[in-house]
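Visitor: Take this structure first; my questions come after.
The values are calculated or read from the model by the stated rules, or taken from the named source; none is laboratory data. These numbers were taken from a predicted model, which means no experiment stands behind them. We place every Cβ from the backbone using ideal geometry, glycine too, and count neighbours over all the protein chains shown. For the accessible areas, the whole protein counts, side chains as well, though only heavy atoms, and no ligand, DNA or RNA atoms are used. Shrake-Rupley method; radii C 1.70, N 1.55, O 1.52, S 1.80 Å.
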There are 2 protein chains.
Amino acid sequence: MLYLIGLGLGDAADITVKGLQAVKSCSRVYLEAYTSVLTGGKEALEQYYGKQLILADRDLVEQGADEILKEADVSDVAFLVVGDPFGATTHSDLVLRAVNAGIPYKVIHNASIMNAVGCCGLQLYNFGETVSFVFWTETWRPESFYDKICKNRTAGLHTLCLLDIKVKEQSVENMMRGKKIFEPPRFMTVSQAADQLIQIIERRRSHGEEVGVTEDTLCVGVARLGADDQVIRVATLGQLVTCDLGAPLHSLVVTGRLHPLEVDLLRLNAEPNALQNLTMIDSSTYTS
Amino acid sequence: MLYLIGLGLGDAADITVKGLQAVKSCSRVYLEAYTSVLTGGKEALEQYYGKQLILADRDLVEQGADEILKEADVSDVAFLVVGDPFGATTHSDLVLRAVNAGIPYKVIHNASIMNAVGCCGLQLYNFGETVSFVFWTETWRPESFYDKICKNRTAGLHTLCLLDIKVKEQSVENMMRGKKIFEPPRFMTVSQAADQLIQIIERRRSHGEEVGVTEDTLCVGVARLGADDQVIRVATLGQLVTCDLGAPLHSLVVTGRLHPLEVDLLRLNAEPNALQNLTMIDSSTYTS
């Protein structure tokens, strides 16, 4: 049996009881380590489970799936994913390979940023399509997520923005030379994401375009959601450029039309300054 | 402290280790029992926790919040919610009352239908706005969810449809007479939801409207997601009208534009007949 087990969002104790039982029963336990991170990392989990974990980087999952699935038809193998196994990233390929090899699989769900973000006060059924921000390079500066955010806002919907994670990435130079030297991990911060959005807005303005998001648009920056030291910062996009929400992971929400009950909950997590802005900016867009 | 604890989607063992520890430490434990249900119900949970639960119906949560929060400033009280506490339903009012009463609160997240639905093979970031289906009455037959589904489909997005739950509802007659007699609980099935959609489609057609969803639109019916006996049925909307997915809870997904990898995963859960339909219907809408 292949178990795909969600670890949730906080620390080792956020695994479900069912998930923990499965981990303890498995002969090999892989930890997917390139789409998210958990407080404490691999060592904290190993100590918690009393079990060694095998780090599964992108190479192993995408090219070494056979290794992960080896003997999973006669023994149990666990594949641990921060959040939910079918959350932001679906490990479709691994599941398909298991099925094709006649290996049964079982999913043990957990919280993911896709649903836990509701704790900021915005209602999940008022969210539109989720978007992903990627780190820009000199030559590659995609803006498609901006248009999706605007489209959501036009429909009155909030947008969850998942921020880029670069783990075990090679520089172009090292890749060209075939050198397996990896850059230090990078996690996009809310501040970086806000800055990217504002650069897009300024570029669009300079081309005479009307912009659907501005420096005054109300946003929510979240960091380490579900962990004891989680931060929820309600502020304008402009204010978020200079915020420091600390260690990863960060996510950003660009709000759409706000319901008064959403505003009441946002207030709980808003900085005094943001509160003022909140009242000023959005009073015209309230719906009852 | 007020703990808002998600129970996840399957059975008692789907609570997180952190959540279980909190439940065990609380002096009073409430179980929210009107927006969702868990396999086994209250009794199974009480046995699992070794603790009595207080059933919190809509009346208690909406009008008796003070009772729930009583002494939560000096002792710990848990409020258990099937799924995630901020999933499909936000218990905003309870949180706001706690904060206003100076009672700290802590959220322990878990899986919700909003993220776990990803296990059917459709990618979560290809979902648009979530909609809710309600049981129609003689005089009240809302159709607004249909237009939202069409809007999502036009944008290529899937739609998660949450299906109505009626727990402890009074008949109009008993309500008028002030009699606290409650109807048996009702849970909308995938079959009922599909039938409702088709009635809307037929009505719109009879008015000469072009319809954005048809009997041939590929859908996914899910039942008891996360439980051992979960069912995922991939079929056309027309086929789902006659399906029987068994005990509650059910949810429906109306697909948008499909990615080949999504199709590969849908195939795993498709009935032989649906597979044929799948290939025939959606080959024109594949994107690479």
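Visitor: Is there a residue being of a type outside the set (D, E, K, R) and within 18 Å of residue A:98 (Cβ to Cβ) anywhere in region A:43-51?
Guide: No, there is no match, as no residue in region A:43-51 is of a type outside the set (D, E, K, R) and within 18 Å of residue A:98 (Cβ to Cβ).
Visitor: A further question follows. Are any of the residues in region A:209-216 of a type outside the set (Val, Ile, Thr), open to solvent by less than 20 Å² (accessible area, probe 1.4 Å) and modelled with pLDDT under 95?
Guide: No, region A:209-216 contains no residue that is of a type outside the set (Val, Ile, Thr), open to solvent by less than 20 Å² (accessible area, probe 1.4 Å) and modelled with pLDDT under 95.
Visitor: So which of B:245, B:252, B:278, B:265 ends up being modelled with pLDDT under 95 and closer than 27 Å to residue B:7 by Cβ?
Guide: Selected residue: B:265, the only one of B:245, B:252, B:278, B:265 that is modelled with pLDDT under 95 and closer than 27 Å to residue B:7 by Cβ.
Visitor: Right, next: Return yes when residue B:56 is out of contact with any Gly (no Cβ under 7 Å at 6 or more places or on another chain) and either in contact (Cβ under 8 Å) with a residue 60 or more places away in the chain or within 12 Å of chain A (Cβ to nearest Cβ) (or both) and no when it is not.
Guide: Criteria not met by residue B:56.
Visitor: Ok, one more. Could you list all residues from region B:82-114 that are closer than 16 Å to residue A:110 by Cα and more than 7 Å from every other protein chain (Cβ to nearest Cβ)?
Guide: Across region B:82-114, the qualifying residues are B:82, B:83, B:85, B:108, B:113.
Visitor: Further, regarding this structure: From the list B:117, B:131, B:77, pick out the single residue that is within 12 Å of chain A (Cβ to nearest Cβ) and in contact with a Leu (Cβ under 6 Å, 6 or more places away or on another chain).
Guide: B:117
Visitor: Next question, about the same structure. Determine whether region B:169-182 contains at least one residue that is under 20 Å from the mean Cα position of the chain (by Cα) and surrounded by fewer than 18 Cβ atoms within 10 Å (Cβ to Cβ).
Guide: First, the residues of region B:169-182 that are under 20 Å from the mean Cα position of the chain (by Cα): B:169.
Of the ones still in play, those that are also surrounded by fewer than 18 Cβ atoms within 10 Å (Cβ to Cβ) are B:169.
The answer is yes, given that some residue of region B:169-182 is under 20 Å from the mean Cα position of the chain (by Cα) and surrounded by fewer than 18 Cβ atoms within 10 Å (Cβ to Cβ).
Visitor: Another question, then. Look at region A:183-204 and say how many of its residues are touching a Leu at 6+ places or on another chain (Cβ under 9 Å) and open to solvent by 80 Å² or more (accessible area, probe 1.4 Å).
Guide: 1
Visitor: With the requirement that a residue be more than 22 Å from the chain's Cα centre (by Cα) and closer than 22 Å to residue A:257 by Cβ, what does region A:183-203 give you?
Guide: Of everything in region A:183-203, just one residue is more than 22 Å from the chain's Cα centre (by Cα) and closer than 22 Å to residue A:257 by Cβ, namely A:201.
Visitor: For region B:128-143, how many residues are among the hydrophobic types (A, V, I, L, M, F, W, C) and crowded, with 24+ Cβ neighbours inside 10 Å? Show your work before the answer.
Guide: So the first thing to find is which residues in region B:128-143 are among the hydrophobic types (A, V, I, L, M, F, W, C), and the list is B:131, B:133-136, B:140.
Retained after the next criterion (residues that are crowded, with 24+ Cβ neighbours inside 10 Å): none.
So the count comes out to 0.
Visitor: Is region B:216-237 home to any residue that is farther than 25 Å from residue A:105 by Cα and in contact with an Asp or Glu (Cβ under 9 Å, 6 or more places away or on another chain)?
Guide: Checked against the condition, which is being farther than 25 Å from residue A:105 by Cα and in contact with an Asp or Glu (Cβ under 9 Å, 6 or more places away or on another chain), region B:216-237 yields at least one hit.
Visitor: Scanning region B:34-52 for residues that are open to solvent by less than 30 Å² (accessible area, probe 1.4 Å) and closer than 30 Å to residue B:133 by Cα, which turns out farthest from the chain's Cα centre (by Cα)? Walk me through how you get there before you give the answer.
Guide: Applying the first criterion (open to solvent by less than 30 Å² (accessible area, probe 1.4 Å)) to region B:34-52 yields B:34, B:36, B:38, B:41, B:45, B:49.
If we keep only those that are closer than 30 Å to residue B:133 by Cα too, we end up with B:34, B:36, B:38, B:41, B:45.
Details: B:34: 11, B:36: 7, B:38: 11, B:41: 16, B:45: 20 Å.
The qualifying residue farthest from the chain's Cα centre (by Cα) is B:45.
Visitor: Then there's this: Could you tell me whether region A:145-157 includes any residue that is away from chain B (no Cβ under 14 Å) and either over 28 Å from residue A:263 (Cβ atoms) or out of contact with any Pro (no Cβ under 8 Å at 6 or more places or on another chain) (or both)?
Guide: yes
Visitor: Between a residue in region A:233-254 that is assigned by the TED database to the domain that holds residue A:265 and any residue that is among the charged types (D, E, K, R) and crowded, with 20+ Cβ neighbours inside 10 Å, which pairs come within a Cβ distance under 6 Å, given they are 6 or more apart or on different chains?
Guide: Close Cβ pairs (under 6 Å, with a partner that is among the charged types (D, E, K, R) and crowded, with 20+ Cβ neighbours inside 10 Å) amount to A:243/A:233.
Visitor: So in region A:7-40, with the set limited to residues that are touching a helix residue (DSSP H, G or I) at 6+ places or on another chain (Cβ under 7 Å) and assigned to a strand (DSSP E or B), which one is farthest from the other protein chains (Cβ to nearest Cβ)?
Guide: My answer is A:30.
Visitor: Moving on. Going through A:105, A:146, A:125 one at a time, which residue ends up being open to solvent by less than 30 Å² (accessible area, probe 1.4 Å) and of a type outside the set (Lys, Arg)?
Guide: Working: A:105 fails: open to solvent by less than 30 Å² (accessible area, probe 1.4 Å); A:125 fails: open to solvent by less than 30 Å² (accessible area, probe 1.4 Å).
Answer to the check: A:146.
Visitor: On the given criteria, is residue B:175 more than 9 Å from every other protein chain (Cβ to nearest Cβ) and at pLDDT below 95?
Guide: Numbers: more than 9 Å from every other protein chain (Cβ to nearest Cβ): yes; at pLDDT below 95: yes.
Criteria met by residue B:175.
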